Amino acid sequence: MTSTVGIDVGGTKLLAVSMTDDGTVTGERRVHTPQGASALIDAFVRTVDAARVEGPIDAVGIGAAGLVNRDGVLRTAPNLPGVRDLAIKKPLQERLQLPVQVDNDATCAAWAEHERGAARGSDDVVVVTFGTGIGGGLICDGRLYRGAHGFGGEVGHMKVDPHGPPCPCGGRGCWERYASGSALGRFGREAGEAGRATRVVELAGGDFHDVRGEHVAAAAREADAEAVELMDRFAWWVAEGLANLADVFDPETIVIGGGLLEAADVFLDRTRALFPERVLAGDVRPPVSIVPAQLGERAGAIGAALVARELLQK
């Protein structure tokens, strides 16, 4: 039986799992994400070496937020300051003497949900992770889609409003400026500054500057009318982006994941209701299932372990 390690690289932590070829997770490790390129590579090596103590490892997968090319180079990583054009695959293979696969973290999460989670049985899938920003992964005809250069799936940076607010990517009006956790918090702060959303501001401690998306969701659960209005606005933007993706990829299933899944009870049903109005020919096309992810915060690491396993089958 073979065993692979998958590592999900976050801005604050590395989450690693060890997985056997039957899909059983046999170990999990969390370490603080170090700063700097060389320190990051060293952390990968230490994490895999720790897993090797428990048994032999046959391959390693890395999932990192940002643009990862097909050579395993992390070209840019917005959540890893100072990391740019970082070669991961080659130095790790040399130091570990193991096959290594490097992909975008949401790409890995998409493959995990397809193989072990909410998208099992669907060959055409869009996975969207809603957190501080928006990530995405694509399954086309049962295969993971990476794009010509490995950059496929950056769905959060679809331009939905050319006159919209600036995005950290350098553009303006990206979808994640309207449908992410950051966007929901911004909606709440703007309402608070205008003297509205008083319950939302109360939950934030009384200062509208401190409003975050979680405060809006909490007030909506209390049936606060202004918070519900903000969540409806948020759900509209989620549906708008999902409809754009459905128009392009014609998926059978859309999986919703990420940290904002905790607020699914106050926006997901509304998003589902709005989706047919936004997608092309929504009244006649077959329905698209919009479902919550199942694998939680381990999805990226599990997916990285799964794509590493594919290296052993070539």
- Message: Is it the case, given these coordinates, that residue 283 is in the same structural domain as residue 130 (by TED's automatic domain parsing), surrounded by fewer than 21 Cβ atoms within 10 Å (Cβ to Cβ) and either within 25 Å of the chain's Cα centre (by Cα) or among the basic types (Lys, Arg) (or both)?
- Response: no
- Would you tally the residues in the range 259-314 being closer than 26 Å to residue 21 by Cα and assigned to a loop (DSSP other than H, G, I, E, B)? 6
- Message: Just to be sure I understand the filter: pairs with C-beta atoms under 6 Å, separated by 6 or more residues or on different chains, first member in the range 190-215 and at pLDDT below 95, second member among the small types (Gly, Ala, Ser) and surrounded by fewer than 21 Cβ atoms within 10 Å (Cβ to Cβ). Which pairs pass?
- Response: none
- Item | Filter result (free of Cβ contacts under 8 Å to residues at least 60 places away in the same chain, surrounded by fewer than 23 Cβ atoms within 10 Å (Cβ to Cβ) and part of a helix (DSSP H, G or I)) within the range 93-123 | 93, 94, 95, 96
- Task: For residue 229, indicate whether it is surrounded by fewer than 22 Cβ atoms within 10 Å (Cβ to Cβ), out of contact with any Lys or Arg (no Cβ under 8 Å at 6 or more places or on another chain), of a type in the set (Asp, Glu) and over 17 Å from residue 261 (Cα atoms).
- Result: yes
- Item | Qualifying residue in the range 161-171 (condition: more than 19 Å from residue 227 (Cα to Cα), surrounded by 17 or more Cβ atoms within 10 Å (Cβ to Cβ) and touching a helix residue (DSSP H, G or I) at 6+ places or on another chain (Cβ under 6 Å)) | yes
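Quick grid of which residues meet (1) at pLDDT 95 or above; (2) touching a strand residue (DSSP E or B) at 6+ places or on another chain (Cβ under 9 Å):
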site: 15; (1), (2): yes, yes
site: 35; (1), (2): no, no
site: 41; (1), (2): yes, yes
site: 48; (1), (2): yes, yes
site: 55; (1), (2): no, yes
- Query: For the range 140-192, what are the residues that are of a type in the set (Phe, Trp, Tyr), closer than 30 Å to residue 218 by Cβ and not in a loop (DSSP other than H, G, I, E, B)?
  - Reply: 178, 187
- Any pair with Cβ under 6 angstrom, 6 or more apart, that starts in the range 13-36 at a residue that is under 22 Å from residue 82 (Cβ atoms) and ends at one that is among the polar types (S, T, N, Q) and at pLDDT below 95: 13/33; 14/33; 33/12
- Would it be correct to say that residue 271 is over 23 Å from residue 152 (Cβ atoms), at pLDDT 95 or above and either surrounded by 21 or more Cβ atoms within 10 Å (Cβ to Cβ) or touching a Ser or Thr at 6+ places or on another chain (Cβ under 9 Å) (or both)? yes
- Message: It is to be established whether one or more residues within the range 62-80 are loosely packed, with under 15 Cβ neighbours inside 10 Å and small (Gly, Ala, Ser).
- Response: no
- If only one of 49, 22, 71 is over 18 Å from the mean Cα position of the chain (by Cα), farther than 17 Å from residue 305 by Cα, among the acidic types (Asp, Glu) and not assigned by TED's automatic domain parsing to the domain that holds residue 138, which one is it? 71
- Task: Restrict the check to the range 174-193 and report whether at least one residue is surrounded by fewer than 21 Cβ atoms within 10 Å (Cβ to Cβ) and of a type in the set (A, V, I, L, M, F, W, C).
- Result: no
- Note on the structure: How many residues of the range 133-145 are on the phi < 0 side of the Ramachandran plot and either surrounded by fewer than 19 Cβ atoms within 10 Å (Cβ to Cβ) or among the aliphatic types (A, V, I, L, M) (or both)? The answer is 7
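The values are calculated or read from the model by the stated rules, or taken from the named source; none is laboratory data. Keep in mind that this is a model prediction, so the values were computed, not measured. All Cβ positions, even for glycine, are placed from backbone atoms using ideal geometry, and neighbour counts span all protein chains on display.
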